[in-house]
Structures are given as structure tokens and as C-alpha cells.
Amino acid sequence: MFIDTKKKEINVKIVYYGPALSGKTTNLKVIYAKLNPKFRGDLVTVDTKGERTLYFDFLPIEITLAGGFKVKFHVYTVPGQVFYKASRKLVLKGADGIVFVADSSPERRESNIQIMQELIETLEEQGISLNSIPLVIQYNKRDIPNAMSIDIMNADINHLNNPYFEAIASQEKGVFETLDAIVKLVIKKLTTKTPV
Amino acid sequence: MEKIEELLNQLIRKVPQIRAAAVVNTEGIVIASVLEGNISEENFGAMSAALLGLGDSVLSEVKGGKLSEIYVKGNEKMILLSKISKDQLLSLSISSDAPLGLLLVEVRKTAKMIGAILSEMEKTQTVTDISELLGGDTSIIEGLSFKDLLEE
Ligand SMILES: Nc1nc2c(ncn2[C@@H]2O[C@H](COP(=O)(O)OP(=O)(O)O)[C@@H](O)[C@H]2O)c(=O)[nH]1
Ligand SMILES: [Mg+2]
């Protein structure tokens, strides 16, 4: 986070985290496509030819609050493949809020659990406990026929009862509900806690 | 911030091949910059932080110590990152024909001066209460919905 009081500007970083192919990039693409260009910049995707993110996606979003205060959200996704743990750590550094995008396919159950565990450990390494950082969980791909129940998924990865949303990101469902929720949590934390 | 931008401008006057200069923190957020119109500040910051992260990983792999500079050269432009402090770096986009010796000397000098300003600022910065900055009105947050900000 970086606050420029002269420019009346708050910069915050939001990271979409989760296993490979859970729909993180799809979330950003939907936000980019639907949001009025006034409020967003270019979507930068650094990736390989396939659909797997090699490094990260990045989308800046900017809104103006009462009193002319600007909030700039720097939204990132991380690559989900096990191999890219180092990239995930880098992108996570300095995050003010996290969206965990989980995959509802039963075959991805273990990956969801494993990457959530990794998130908790990485945050701990950076001196942050899971209950102190704004976190929203998105259960994506609710359209697939054998999607896991929300109860099972909550039991697997939502141990702290964080806010969660069902989504079909590829059909734009749940994407903005999730974004609203994380943005509100982040701003709320900024306004209640006094950062040094 | 104006002081820092003045230093960046001075640097560009000394080495006119510098096309863009920004002070970026390790989160990728631009603190101060002098950029050409067609360069996005956000993207420049994100790319700089990504390069820095990569450089850090590579150096730790080869036990190369603390990172101080990164240099990426193409036939048209080069990118030079120079660490200012633990949390900030000076990031430059330069045309490839710049004289390297002069460039490095001036860049290191500038990074040092910016570092001094930033650490002075940190010392004197008072605690900021954001709700105060917002005029105590946080109600707007409750009503915030990106669905109201979509393209018609
Ligand atoms: N069935 C279904 N597919 C989805 C959904 N969201 C994303 N996908 C697809 O899942 C694949 C991986 O998505 P992507 O966003 O690239 O995943 P990432 O690795 O998390 O960035 C793509 O083929 C998407 O079209 C969804 O809600 N339902
Ligand atoms: Mg992706």
C-alpha cells in the first residue's frame, strides 16, 4: 500500500490466488471487458501460448471516493502451477487483499487444499496471519455438472469463515460480487486501522 | 515527491537518452515518475517489480548477494533498475545508444540522492489516518458496487 496525501491517492494491491486453471485470469478478463474504461487501465497478461499463466496478469482499476480521494487498485493474478511457487510468492508480496479462486471440480479438490495451505504458509513467512488480511473466497465453475457442494469446499479451505461467493466466471456470474467484497474489505480495513 | 521528480528531470537532462524514469516500490507501485505520454505508470511499475523479483530469485540461486542493479538491453531500448533501498528502486527506460559509463555514474548518484530524501521523509512522516483523509465519511464504501461502473 502506498498513500500519497498530496495527490490524495491511495494505492492498494489485490491478488487473485488459487490453483492452476481455476479461473483467475477469466475473472480479470471479465472485469476488463465489462468495466467502463474510465475506471480501468490495460490488462497486461504475461503468458505462454497455451491458456496457462506463466507469470502473472495485471489490471489497474481506479475509483474516486467522496472528497476527491482516488483509490487505485493494482489487481494481479498468480500462476497456479505447482512449479511457479516462487512467482506466487513474489506476486503476493505486499498484498492488501486476496481473492482465493477455488475450482469446483472434484478432481481439483486436492489442488484447492494444497494451494490454500501454501497461501497460509507464504503469508506466515511474510509475517502475516490469515485472519489479519482481507480475504474473499470464490467457488468458481459452479456450472460443471458434478461440482462439489459448498459445504465440502468450505470445510476444505474456508476454515476462518471468510466471505465466499459462488461464481461462473466464464459467464460473468459472481465476478463483480467477488470484486465488490474484496474491495470493501480492503477499504474498510484502511479506514478502521491506522497504518504507519 | 516534487523534489524526487526534480531529481529525475535533472538526470534526464544529463543523460537525454533516458526516455522514462520512475521510483517504484517493491510492490510495483510508482511513487514518483517522469514518463513519456505513451507509457502507463501502472504497467511500468508492475514490470519493474517483476524484474526485481526475478533478479532477486536468480541472485539467491547463485548465492550472489544483495541485488543492486538489473540491466536488460534490446537493440532499441534498455531497461535499467537500480536499487535505492530495501523497498524502493529507480527504474529507467533508455534508448540503447546511451553512453553506458556516464549513464551508470549518473544513475547511481541519483539513486543515492533519492534514497536520502525518502529516508528523511519516512522519519518525518506522521501517522496517517485514512478515515480522516476521507473526511470521516466511510458510508460511500458501503454503497460501492462495481456493477454501477460498467460500460453501458
Ligand atoms: N466451465 C467453466 N469453465 C471456466 C469457468 N471459469 C473459467 N473457466 C475456464 O477454465 C479455464 C482456465 O481459466 P483461467 O482463467 O485461464 O484459469 P487460471 O489459471 O486460474 O488463470 C479456461 O478455459 C476458462 O475458460 C467457469 O466458471 N466454468
Ligand atoms: Mg491465469
Taking segment A:60-86 and keeping only residues that are at the interface with chain B (Cβ under 8 Å from one of its Cβ atoms) and either within 16 Å of ligand 1 (Cβ to nearest atom) or in a helix (DSSP H, G or I) (or both), one is left with A:Ala66, A:Gly67, A:Tyr76, A:Ala86
Residues of segment A:116-150 satisfying the condition of being farther than 14 Å from A:Val15 by Cα, modelled with pLDDT of 95 or more and part of a loop (DSSP other than H, G, I, E, B): A:Lys141, A:Arg142, A:Asp143, A:Ile144, A:Pro145, A:Asn146, A:Ala147, A:Met148, A:Ser149
Would you check if B:Ser96 is more than 18 Å from B:Ile114 (Cα to Cα), facing another protein chain (nearest Cβ under 10 Å) and either touching a Gly at 6+ places or on another chain (Cβ under 9 Å) or not aromatic (Phe, Trp, Tyr) (or both)? no
Do we have B:Ile31 as hydrophobic (A, V, I, L, M, F, W, C), in contact with a strand residue (DSSP E or B) (Cβ under 9 Å, 6 or more places away or on another chain) and more than 14 Å from chain A (Cβ to nearest Cβ) here? no
Name the single residue that is modelled with the lowest pLDDT among those in segment B:28-70 being charged (D, E, K, R) and surrounded by fewer than 16 Cβ atoms within 10 Å (Cβ to Cβ). B:Glu36
Do we find a residue being part of a helix (DSSP H, G or I), over 18 Å from the mean Cα position of the chain (by Cα) and β-branched (Val, Ile, Thr) anywhere in segment A:151-170? yes
Residues of segment B:37-78 that turn out to be basic (Lys, Arg) and closer than 15 Å to B:Leu90 by Cβ, as a count: 0
Within segment B:53-71, tally of residues that are in contact with a strand residue (DSSP E or B) (Cβ under 6 Å, 6 or more places away or on another chain) and not hydrophobic (A, V, I, L, M, F, W, C): 4
Enumeration of residues in segment A:137-191 that are more than 22 Å from A:Arg40 (Cα to Cα) and among the acidic types (Asp, Glu): A:Asp143, A:Asp151, A:Asp156, A:Glu166
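The values are calculated or read from the model by the stated rules, or taken from the named source; none is laboratory data. Only a predicted model underlies this, so the values are computations on that prediction, with no experimental measurement involved. Heads up, the Cβs are rebuilt from the backbone with ideal geometry, glycines too, and the neighbour counts pull from every protein chain shown.
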